[in-house]
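Okay, so here's the structure we're looking at.
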Amino acid sequence: MINLKSFLFLFLVTVLFASCSSSKKGNVNTEDPEKAYSIAMSSYNKGDFLQAIEDFSIVKLRFSGTSVADKAQYYLAMSYFKRGEYILAAYEFELYMKNYPSGSFVVQSRYNLAMCYYRLSPEYYLDQTYTRLAISEFRNFLELYPNEPLANEADTRIKELRTKLARKILASADLYMDMDDYRAATVYYDYVLNDYFDTDFADDAMYGKIQSLIKRQKFAEALEEAEKFEQRFKSSPFLNAVKSLKSQARNNIK
């Protein structure tokens, strides 16, 4: 996945440079780096992010060894982010962290990189590659900056994204139930219970697992799971249904 990601970034950067070479010139027509940066920031502050991209790109290349280079790199990434071009923004945030590991925007860049993938994360029933990338980057942020103000937000985002993954797996389990493939359904319910036990879909999964076990006539196992359910999910909307399944399982144990 990392190799694919790198290839995609390289491809997009190639396209970007090709498009920049054929686009109109930016507003930056000075040899003063501070003035050039100010011109680019003016476009950014006006909300003209397309112009800002052109201007910051020029500043970044023309004044690469000056005090404005790191700021130009960061706001170039932010301009892409503001335009919703999250893959290009992610590339530029990564470039900032690589080139300026001690820069004043490195913490925010690390968080924004995760946010790029968060924004790219689709509905639960679609491919979840970006969801997993977002979780990975938010975890990297928490590991590196556990005491930053954004740490709580990163943790909240991780929980949200993990819930989405749990929902996708639960949907697969329910589909197998509908197809009468109860063994496969049990496997997928267990997947949710083992890997996403802390999400809102854990009780759904255990309820589904109990149903699948009864369908497979695994009554002793179903009874055991029902008892666990009663202890663990005392306020679940499935509690009464589980109690009924528990009685059914007990009555079928010889």
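The values are calculated or read from the model by the stated rules, or taken from the named source; none is laboratory data. This is a predicted model, so every value here is computed, not measured. Heads up, the Cβs are rebuilt from the backbone with ideal geometry, glycines too, and the neighbour counts pull from every protein chain shown.
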Starting from region 44-69, keep only residues that are free of Cβ contacts under 8 Å to residues at least 40 places away in the same chain, then list their pairs with residues that are part of a helix (DSSP H, G or I) and among the β-branched types (Val, Ile, Thr) whose Cβ atoms are within a distance under 8 Å, requiring at least 6 positions of separation or different chains.
ASP55/ILE39; VAL68/VAL59; ALA69/VAL59
Being under 16 Å from PHE105 (Cβ atoms) and small (Gly, Ala, Ser) is the filter here; which residues of region 39-73 pass it?
ALA40, ALA52, SER67, ALA69, ALA72
Among the residues of region 79-93, are any crowded, with 18+ Cβ neighbours inside 10 Å and in contact with an Asp or Glu (Cβ under 8 Å, 6 or more places away or on another chain)?
yes
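Any residue that is modelled with pLDDT of 95 or more, in a helix (DSSP H, G or I) and among the aromatic types (Phe, Trp, Tyr) - is there at least one of those in region 10-19? Step through it out loud before you land on a result.
Of the residues in region 10-19, the ones modelled with pLDDT of 95 or more are none.
No - not one qualifying residue is present in region 10-19.
Are any residues in region 195-240 under 34 Å from the mean Cα position of the chain (by Cα) and among the small types (Gly, Ala, Ser), and if so, which ones?
First, pick out the residues of region 195-240 that are under 34 Å from the mean Cα position of the chain (by Cα): 195-213, 225-226, 228-239.
Answer for region 195-240, where residues must be under 34 Å from the mean Cα position of the chain (by Cα) and among the small types (Gly, Ala, Ser): ALA202, ALA205, GLY208, SER212, ALA226, SER235, SER236.
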Enumerate the pairs (first residue in region 217-240 and under 16 Å from ASP198 (Cβ atoms) and at pLDDT 95 or above; second residue anywhere and surrounded by fewer than 17 Cβ atoms within 10 Å (Cβ to Cβ) and among the hydrophobic types (A, V, I, L, M, F, W, C)) with beta-carbon separation below 7 Å, excluding pairs fewer than 6 apart on the same chain, so at least 6 apart or on different chains.
PHE233/LEU239
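Would you confirm whether any residue within region 242-250 is within 35 Å of the chain's Cα centre (by Cα) and closer than 26 Å to THR199 by Cα? Give the derivation first.
To start, the set of residues in region 242-250 that are within 35 Å of the chain's Cα centre (by Cα) comprises 242.
Subset that is closer than 26 Å to THR199 by Cα: 242.
Within region 242-250, one or more residues are within 35 Å of the chain's Cα centre (by Cα) and closer than 26 Å to THR199 by Cα.
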So, restricting to helices (runs of 4 or more DSSP H) that lie completely within region 47-161, which ones have at least 2 residues that are over 19 Å from TYR37 (Cα atoms)?
86-99, 106-120, 129-144
